[in-house]
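The values are calculated or read from the model by the stated rules, or taken from the named source; none is laboratory data. These numbers come from a predicted model, not from an experiment. All Cβ positions, even for glycine, are placed from backbone atoms using ideal geometry, and neighbour counts span all protein chains on display.
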Amino acid sequence: MTAAQTGPAKAGLTDRALNWVEWAGNKLPEPFMLFIVLFAITGVVSTGMEMAGVVVSVPGSDEPTVIKGLFTGEGMAWLTTNLGINYIGFPPLVTVMPILLAIGIAQHSGLLAAAIRKLFGSAPAWMLPYVVGFVGVISSIMADSAFVVVPPLAALVFKAAGRHPVAGLMGGFAAAGAGYSTNIFPTSLDALFAGITTSVMDALPGFEFTAVNPVSNWWFNIASSIVLGFVAGFVIDRLVEPRLRRQEVPVDEVAVEGSEDSAENAEQMRAALSPEENKGLLVAVLSAVVLTALILVAVLPEGSPWRNEDGGFLPKSPLLDSIVFIVVAYFMVVGTAYGLITGTLRNTRDAVAMMSEALKEMLPFIVLAFILGNFISLFNWSGIGTWIAVTGAAGLESAELTGFAAILGFILLASVLNLFIISGSGMWAIMGAVFVPMFALIGY
């Protein structure tokens, strides 16, 4: 006699929570529409606050800030005369675009993929999960291409080493997603977030602050890359792969299915490098060393034009203002050197094509930047950003939450919002506009 069939098992608490997060996230509009809604709400609220005569005094400023409404004569005149300026003047565009062009050469010349394959191919079998975790985390330098390159390559090297290829596939994808904005190298994402951070400080006119540049978080990112890479590797090694073997998931489950170019893609992502690719990597490293020497020769001598008036580099100097140029130079030089050696870059036409491909990947952000730039400009111009910063800072001080507790609360809030808002630029535009000026007023 067979056992009576039962209905589907009741979902546990974790499953129900995740189902709710998925449901709520799907209900949110896509980022462009979300910021149109926020723009309209800011316009309505600012108009109401102006009608109520709201005024805010910024600590250290002699002049009070009067809230200005969007839906007034002055507000509509501001919008119609500054719509394009708000977009073109959006700071992330100034930093992101040049870095993106340079990364395009490094990526589409094959340099970045070859470097990843070199790391994978030289790792012993026991270390592969941790190499996959680390490489997946830092693969954000390739933007969305990381999700195409890293997982299948990780599966191939896992299988070649006698380990479960599905573990490599899943681990590579998870690591690329979990560490998307973390890297040991400055990337276009660093430039993007730095630009947003600097732009929202316009909410505190006259407030002295150190401008954020693409390498301001560099040491933190390096440490985060190492920690996240180790954690990802541990999960792959101790949790994912053993579970796959217990469930007897076939090792051929990861096989690429049916398209004509599957074999070609697998060949391009083989772990072993050709002699030309090895030579290209060597020349790329040497070119980076030469470029580093040239930069040091230019900036170290006393009287260097890249020093500040006091003869140093901190807190502000032409050298720090040249960070975008330096990042662009590194990626262009090493990418060009590799491409010339391997034959993937033969002339300027190839270079232009590579940079054009990089821009295509960034088109969604270029469109989103239109509403982001106008939203942040309205937030600052209306004075709402100033009012929220001053009011929020006063609230934190009265609650005695100006130390570690404030930072911890901010991290927890970011973790929750990250479940619902998948756009990094969108989430930081919202959080940065509120919390950067607020935290500046309490000493951060």
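Taking the criterion of being in contact with a Lys or Arg (Cβ under 9 Å, 6 or more places away or on another chain), of a type in the set (A, V, I, L, M) and closer than 16 Å to VAL235 by Cα, the only residue of segment 126-153 that qualifies is LEU128. Taking segment 171-263 as the region of interest, the helices (runs of 4 or more DSSP H) fully inside it that hold 2 or more residues being modelled with pLDDT of 80 or more and charged (D, E, K, R) are 241-246. For first residues located in segment 375-387 and closer than 17 Å to PHE439 by Cα and assigned to a helix (DSSP H, G or I), partners that are among the aromatic types (Phe, Trp, Tyr) and modelled with pLDDT under 95 and lie 6+ apart or on another chain with Cβ distances below 9 Å form the pairs GLY385/PHE379. Out of the residues in segment 227-242 meeting the condition of being under 10 Å from GLY133 (Cβ atoms) and among the aliphatic types (A, V, I, L, M), tell me which one is surrounded by the fewest Cβ atoms within 10 Å (Cβ to Cβ). The residue in question is VAL231.
Taking the listed residues ILE384, ILE407, the one that is under 30 Å from ALA143 (Cβ atoms) and β-branched (Val, Ile, Thr) is ILE407, with no other qualifying. Among the residues that make up segment 407-415, is at least one of them of a type outside the set (Val, Ile, Thr), free of Cβ contacts under 8 Å to residues at least 60 places away in the same chain and within 17 Å of LEU204 (Cβ to Cβ)? There is no residue in segment 407-415 that is of a type outside the set (Val, Ile, Thr), free of Cβ contacts under 8 Å to residues at least 60 places away in the same chain and within 17 Å of LEU204 (Cβ to Cβ). Sub-6 Å Cβ pairs linking a first residue in segment 278-307 that is more than 28 Å from GLY110 (Cα to Cα) to a second residue that is assigned to a helix (DSSP H, G or I), at least 6 apart or interchain, are VAL299/LEU319; TRP306/VAL299; TRP306/PRO318; TRP306/LEU319, ordered by first then second residue. Just give me the residues in segment 388-432 being farther than 30 Å from THR47 by Cα, assigned to a helix (DSSP H, G or I) and not aromatic (Phe, Trp, Tyr), in sequence order. Matches in segment 388-432: ALA405, ALA406, ILE407, LEU408, GLY409, ILE411, LEU412, SER415, VAL416, ASN418, LEU419. Which members of segment 20-73 meet the condition of being within 23 Å of the chain's Cα centre (by Cα) and surrounded by fewer than 18 Cβ atoms within 10 Å (Cβ to Cβ)? Selection gives VAL21, GLU22, GLY25, ASN26, LEU28, PRO29, GLU30, PHE32, MET33, ILE36.
Summed over segment 393-405, the residues that are more than 9 Å from PHE439 (Cα to Cα), in contact with a helix residue (DSSP H, G or I) (Cβ under 8 Å, 6 or more places away or on another chain) and touching a residue at least 12 places away in the same chain (Cβ under 8 Å) give a count of 1.
Take the residues in segment 30-71 that are of a type outside the set (A, V, I, L, M, F, W, C), assigned to a loop (DSSP other than H, G, I, E, B) and closer than 28 Å to SER425 by Cα, then tell me which one is modelled with the lowest pLDDT. Top of the filtered list is GLU30.
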